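A.B. asks: Take this structure first; my questions come after.
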Amino acid sequence: MVLFLKLTLLSPFASAEDKLSIHAFLDKVQAQNLDLKVEQAKLESAEAQSSAIGLPPPMVSISKLTEKEGSSAQGFEVSQMIPFPGKLIKDKSSRNLEAQTQKLVFSTKQKELQSEAILAFYEYWATSEKILILKQRNRILSNHLKLARSGVRSDSSLKLHLLKTESDLDLLENDLETANQDLEEKRLKMAVLMNLPSSTKIPEPEEPPLSSLPAEPESTIDLPQLKVSELQLQTLTTRESEAKQSWFPDFTLSYKEMGATQMMPQYSEIMVGMTLPFLFAWEPSSEVKKASAQRHEAELQYEKMKQETNSLRSISWTRARSIRKQLTTLQEKIIPKAHKRMQLINNIAPRDMESLQDHRETMETFSDLQLKVLDLRLSYEKSLSELEKWIPISGAANE
């Protein structure tokens with residue numbers, strides 16, 4: 001009993017027999033995913049850097065002077081390097097922008113991860129359902145094979161039909177093996193998303209609800225990708241302005257005090273130093289050119305993204321709408337008719353080659369339509385996953 005309780009408490013799922021809901025899966029992904037934790041660490045690092053000031057720490061040194069006569073004196077020196085004020089201001093501004101960018105990147109990653117997890121759950125569920133449908137098809141062909149064998153005497157057409165059905169059953173075994181392998185790959189993907197060991201047994205999935213089709217997006221201003229690209233451009237523009245100030249001098253202040261010796265009285269010294277970057281013009285010039293090139297590249301990327309956004313978003317939305325219509329037609333019109341036809345054919349005993357062929361085609365058509373529904377649902381969810389990238393994050397525009 002104690003061992004059972006320990007295993008139950010340590011298990012990532014309450015019971016292996018309980019089915020896994022999509023909401024429980026998404027909660028585990030958001031709480032445990034490693035990629036999200038990496039982005040969280042990056043955000044914390046960027047926020048920590050934005051709170052600091054890029055002023056070098058002061059330096060303190062202690063000196064000892066010894067004369068040949070044997071007398072000695074001790075002293076100390078304190079120095080501070082002060083960058084040109086404009087450099088400090090621009091550096092602080094750029095680090096604040098980097099923190100804002102990372103915050104939005106983190107929110108975008110959360111959203112993208114949820115879309116990826118939803119799609120992974122649908123794939124896991126669809127593959128499980130596909131295996132059930134293939135097993136059902138196996139039973140259909142096995143029953144049909146019994147009917148065909150009972151009618152086989154000397155009719156060559158019936159013998160050919162029997163051989164074809166037996167071959168199709170053998171091919172179906174390969175399809176089942178492929179589906180089982182696919183299910184294992186989907187299980188491993190879900191374990192990675194939840195940051196669980198690869199050996200973790202994932203419960204059978206509950207059937208997830210069909211995702212609703214969002215309204216056709218209109219505005220592109222608040223899209224997360226564009227907002228991130230815009231903040232990155234602002235950061236590089238600020239960095240370019242900072243690089244241009246590398247032509248201006250930095251300052252050094254120092255104070256030195258030394259004790260008296262037999263040959264020299266006690267004294268103190270104040271020194272003000274200044275760098276002369278214009279004497280070696282190649283270094284500040286190189287920094288400016290590099291920052292300008294990076295800023296120009298960011299501008300081109302931003303313009304390219306703005307041009308591509310509308311077309312990509314429109315393609316994803318129209319594809320999802322089309323698949324949704326096909327899915328509705330299948331589920332509400334075609335599937336019910338195929339099910340009714342299957343019920344009717346079950347009440348008719350095949351007596352000849354034509355009726356036997358009708359029996360098989362009718363039974364297989366229903367399972368084919370079920371597989372078609374699964375394929376369409378997956379395609380629909382993939383389109384929505386792509387569309388999700390082009391939907392603004394709530395409150396992102398105000399941050």
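The values are calculated or read from the model by the stated rules, or taken from the named source; none is laboratory data. Computed from a predicted structure; not experimentally measured. Here Cβ is always computed from backbone atoms with ideal geometry, including for glycine, and neighbour counts include all displayed protein chains. Note: areas computed on protein heavy atoms with side chains; ligands, DNA, RNA excluded. Shrake-Rupley method; radii C 1.70, N 1.55, O 1.52, S 1.80 Å.
A.B. asks: May I ask you to derive the FRET efficiency for W247 and V60 from their Cβ-Cβ distance with R0 = 30 Å, giving the value to the nearest 0.05?
C.D. replies: Working: r = 31 Å, r/R0 = 1.02.
Once the sixth-power term is evaluated, E becomes 0.45.
A.B. asks: Something else: Can you sort H339, H23 by 1.4 Å-probe accessible area, starting with the largest? If you can, show how the numbers build up before the last one.
C.D. replies: Working: H339 70, H23 130 Å².
Greatest to least solvent exposure: H23, H339.
A.B. asks: What is the local net charge at E39, summed over the other residues whose Cβ is closer than 12 Å to its Cβ (Lys, Arg +1; Asp, Glu -1)? Could the numbers behind the result be given before it?
C.D. replies: Values: positive: K37, K42, K103, K109, K111; negative: D35, E44, E112.
That sum, taken over residues with Cβ under 12 Å, equals +2.
A.B. asks: Additional query: With every protein chain left in place, what is the accessible area of F251 in Å² (1.4 Å probe, nearest 10)?
C.D. replies: 70
A.B. asks: Calculated FRET efficiency, L88 and E303, Cβ-Cβ r, R0 25 Å, to nearest 0.05?
C.D. replies: Working: r = 32 Å, r/R0 = 1.26.
Plugging the Cβ-Cβ distance into 1/(1 + (r/R0)^6) gives 0.20.
A.B. asks: When the chain is fully extended, how far beyond the present Cα-Cα distance does E77 get from Q326, taking 0.36 nm per residue of separation? List each step's numbers first, then the result.
C.D. replies: Working: separation 249, 0.36 × 249 = 89.64 nm, distance 8.14 nm.
This chain segment gains 81.5 nm when fully extended.
A.B. asks: Using only Cα atoms, figure out Rg for the chain and give it as a multiple of 2.2 N^0.38 Å.
C.D. replies: Values: Rg = 36.0 Å, N = 399, 2.2 N^0.38 = 21.4 Å.
In units of the 2.2 N^0.38 Å rule of thumb, it is 1.68.
A.B. asks: Could you calculate the FRET efficiency of R341 with E207 from 1/(1 + (r/R0)^6), where r is the beta carbon distance between them and R0 is 25 Å, rounded to 0.05?
C.D. replies: Details: r = 25 Å, r/R0 = 0.99.
About 0.50, to the nearest 0.05.
A.B. asks: Here's a follow-up. Test of the criteria: in the range 350-390, which chymotrypsin sites (Phe, Trp or Tyr not before Pro) are in a DSSP loop and have at most 12 other Cβ atoms within 10 angstrom of their Cβ? Numbers along the way, then the final one.
C.D. replies: On the way: sites: F366, Y380, W390; in loops: W390.
Sparse-neighbourhood loop chymotrypsin sites (Phe, Trp or Tyr not before Pro): none present.
A.B. asks: Using a cut-off of 12 Å between beta-carbons, work out the net charge of the residues near K87 (Lys and Arg +1, Asp and Glu -1, K87 not included).
C.D. replies: Numbers: positive: K90, K92, R239, K244; negative: D91, E242, D250, E287.
In short, 0.
A.B. asks: Then there's this: If M258, M353 are ordered by their accessible area, calculated over protein heavy atoms with a 1.4 Å probe, which sequence runs from highest to lowest?
C.D. replies: I get M353, M258, largest accessible area first.
A.B. asks: What list of ³J(HN,Hα) couplings, whole Hz, do you get for the range 379-388 from phi and the Karplus terms 6.51, -1.76, 1.60, once you set θ to phi - 60° and write x for glycine and proline?
C.D. replies: 4, 5, 5, 5, 5, 5, 5, 5, 5, 4
A.B. asks: Taking the Cα centre of the chain as origin and charging only Cβ (+1 Lys, Arg; -1 Asp, Glu), how large is the dipole, in debye to the nearest 20?
C.D. replies: Details: 51 positive and 56 negative charges, 200 e Å.
Taking the Cα centre of the chain as origin, the dipole is about 960 debye.
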